[in-house]
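The values are calculated or read from the model by the stated rules, or taken from the named source; none is laboratory data. Computed from a predicted structure; not experimentally measured. Neighbour counts are summed over all protein chains in view; Cβ atoms, including those assigned to glycine, are modelled from backbone coordinates with ideal geometry.
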Amino acid sequence: MSEEKQKRILIIDDDPDITITLRMSLEDNGFKVNSYTDPVLAFENFSSDFYDLVLLDIKMKGDGFHLYQKIKRVDNRIKICFLTATEFFHEEIRKEQGFGQFNQETFLRKPIEIKDLVHAIKKLLQS
């Protein structure tokens, strides 16, 4: 990533262990990363055109889908990648929440191998 601008990622997950692990792993893979365990604080510090991608936990206090909608109102070009530990398949989540416009790569299941996460992020950033 040294040839191109370092991509900026925002992680929002209410589990501090996951947040720290993801942040350190993504930084080790060349990304600039900010992370929050508090969705309210994350949104208060979010600004348009700063991040390239948001990794957003679906099931947390404050509801990840609601936070997604608020973030998209501030920056409708930001790429969002949902993290989920639920047993629901992404199709059921999309149908249930009315988010049919998402493609499969937008939902990643926790736990996830870091190499798979990095691959998914790079693919999403290129789309």
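Of all residues in segment 39-65, those that are over 14 Å from the mean Cα position of the chain (by Cα) and at pLDDT below 90 total 2. In segment 11-40, of all residues being assigned to a strand (DSSP E or B) and among the polar types (S, T, N, Q), the one that is surrounded by the fewest Cβ atoms within 10 Å (Cβ to Cβ) corresponds to Asn34. Annotation note: Cβ proximity below 7 Å between a residue of segment 106-120 that is surrounded by fewer than 17 Cβ atoms within 10 Å (Cβ to Cβ) and a residue that is of a type in the set (Gly, Ala, Ser) (sequence gap 6+ or interchain) occurs for Lys110/Ala85; Ile114/Ser25.
Applying the condition of being under 19 Å from Asp15 (Cα atoms) and surrounded by 16 or more Cβ atoms within 10 Å (Cβ to Cβ) to segment 66-83 and asking which residue is farthest from the chain's Cα centre (by Cα) yields Leu67.
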